[in-house]
Amino acid sequence: MIRIADLNVVFAPGTPDENVALRKVNLSVRRGDFLTIIGSNGAGKSTLYNAIAGTVQLAGGRIFIREETADGGKPLERDITREAEYKRARYIGRIFQNPLLGTAGRMTLADNMMICHKKGYRGLTISLNKAMRDHFRESLRSLGMGLENRLNDNVELFSGGQRQALTLLMTVMSKPSLLLLDEHTAALDPRNAEMIMELTLRFAADYRLTVMMITHNMAQALEFGNRLLMMDGGDIIMDINAEEKAKLTAPDIVRRFKDIKKRELDNDEMLLG
């Protein structure tokens with residue numbers, strides 16, 4: 001579905017503040033994959049998302065999207081390395097940690113839904129008529145929050161959990177090829193975080209989404225998805241499949257990380273010695 005080859009991102013290159021954020025990252029994501037991504041702050045997780053979404057300048061490497069053909073033949077691979085962010089936004093959805101970022105608080109729920117609907121619409125001009133309102137109500141009913149009865153309320157009146165659920169619904173309604181979740185439950189209380197994860201799993205299945213989810217919650221990383229990635233120092237240092245992941249615990253992951261860092265230290269000492 002997406003293939004990343006030798007991806008480099010360097011901030012402030014050629015200055016005393018130079019920071020290599022991504023180091024020749026290689027990654028292939030299949031259609032329908034659900035990846036969980038872990039790593040410490042500064043490991044490169046969000047920078048990887050920014051590179052995929054087109055919001056950061058690359059120092060090297062390429063990004064490809066594989067698209068299904070109309071006749072069901074071999075998928076076509078398209079190079080999007082130089083494609084503008086607004087063009088990628090048509091097929092790449094992203095949800096951030098802050099539940100206020102995905103919606104326009106001073107606009108009504110109906111207007112927010114309309115903007116979302118127009119994003120994925122390629123036809124003639126559409127209007128917010130009765131049929132459209134009924135369609136929105138039916139979609140909102142799937143959240144189980146009663147928001148289908150609040151189409152005329154400004155979204156700023158909703159709770160953080162409601163706004164994040166709404167953001168998730170609006171994003172999947174635009175039918176993205178790839179959904180990037182950037183710690184999308186981290187700012188919520190445990191009850192709302194659990195609710196958002198339940199919706200995430202349901203929508204991923206219902207809409208047959210390809211998902212990449214950054215999390216600092218090790219339990220989430222092990223429980224959800226069919227692949228687990230760990231990033232460190234701007235590179236992917238672990239790529240664990242579903243079968244292997246099912247046998248691991250959080251302490252196992254920590255031990256693996258320590259083993260990798262020890263081998264790196266031993267190699268550095270050999271080179272210096």
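Among the residues of segment 229-250, the ones that are touching a residue at least 40 places away in the same chain (Cβ under 8 Å) and either in a helix (DSSP H, G or I) or not acidic (Asp, Glu) (or both) come to 6 in all. Taking the criterion of being free of Cβ contacts under 8 Å to residues at least 40 places away in the same chain, surrounded by fewer than 20 Cβ atoms within 10 Å (Cβ to Cβ) and assigned to a strand (DSSP E or B), would at least one residue in segment 43-56 satisfy it? There is no residue in segment 43-56 that is free of Cβ contacts under 8 Å to residues at least 40 places away in the same chain, surrounded by fewer than 20 Cβ atoms within 10 Å (Cβ to Cβ) and assigned to a strand (DSSP E or B). Can you name every residue in segment 1-24 that is in contact with an Asp or Glu (Cβ under 8 Å, 6 or more places away or on another chain) and either under 22 Å from residue 209 (Cβ atoms) or part of a helix (DSSP H, G or I) (or both)? Matches in segment 1-24: 1, 3.
Quick check on segment 21-38. Is at least one of its residues closer than 29 Å to residue 170 by Cβ, surrounded by fewer than 20 Cβ atoms within 10 Å (Cβ to Cβ) and of a type in the set (S, T, N, Q)? Within segment 21-38, one or more residues are closer than 29 Å to residue 170 by Cβ, surrounded by fewer than 20 Cβ atoms within 10 Å (Cβ to Cβ) and of a type in the set (S, T, N, Q).
Can you tell which of 209, 229, 222, 188 is modelled with pLDDT of 95 or more and at negative phi?
On the way: 209 fails: modelled with pLDDT of 95 or more; 222 fails: modelled with pLDDT of 95 or more; 188 fails: modelled with pLDDT of 95 or more.
Testing whether each residue is modelled with pLDDT of 95 or more and at negative phi leaves just 229.
Restricting attention to segment 223-259 and to residues that are exposed (fewer than 14 other Cβ atoms within 10 Å of the Cβ) and among the hydrophobic types (A, V, I, L, M, F, W, C), the residue that is nearest to residue 40 (Cα to Cα) turns out to be 254. Looking only at residues of segment 147-173 that are in a helix (DSSP H, G or I) and among the hydroxyl-bearing types (Ser, Thr, Tyr), we find that the one that is farthest from residue 65 (Cα to Cα) is 167.
For the residues 76, 101, the requirement of being among the hydrophobic types (A, V, I, L, M, F, W, C), under 21 Å from residue 204 (Cβ atoms) and at pLDDT 80 or above singles out 101. Selection of segment 204-221 for residues being more than 16 Å from residue 40 (Cα to Cα) and touching a strand residue (DSSP E or B) at 6+ places or on another chain (Cβ under 7 Å) yields 204, 209, 210, 211, 212. Here residue 221 clears all of (1) in contact (Cβ under 8 Å) with a residue 40 or more places away in the chain; (2) farther than 30 Å from residue 248 by Cα; (3) of a type in the set (A, V, I, L, M, F, W, C); (4) part of a helix (DSSP H, G or I) except the condition numbered (2). When restricted to residues that are among the basic types (Lys, Arg) and farther than 17 Å from residue 1 by Cα, segment 199-249 contains 3. In this structure, residue 137 does not qualify as in contact with an Asp or Glu (Cβ under 8 Å, 6 or more places away or on another chain), loosely packed, with under 14 Cβ neighbours inside 10 Å and either at pLDDT below 95 or of a type in the set (S, T, N, Q) (or both). Do you know which residues across segment 174-198 are surrounded by fewer than 19 Cβ atoms within 10 Å (Cβ to Cβ) and assigned to a helix (DSSP H, G or I)? Listed by number, the residues that qualify are 190, 191, 192, 193, 194, 198.
Out of the residues in segment 199-215 meeting the condition of being over 14 Å from the mean Cα position of the chain (by Cα) and part of a loop (DSSP other than H, G, I, E, B), tell me which one is surrounded by the fewest Cβ atoms within 10 Å (Cβ to Cβ). This residue is 208.
The values are calculated or read from the model by the stated rules, or taken from the named source; none is laboratory data. The structure presented is a predicted model; accordingly, all values stated were derived computationally and were not measured. Using ideal geometry, Cβ is built from the backbone for each residue, glycine included, and neighbour counts are taken over all protein chains shown.
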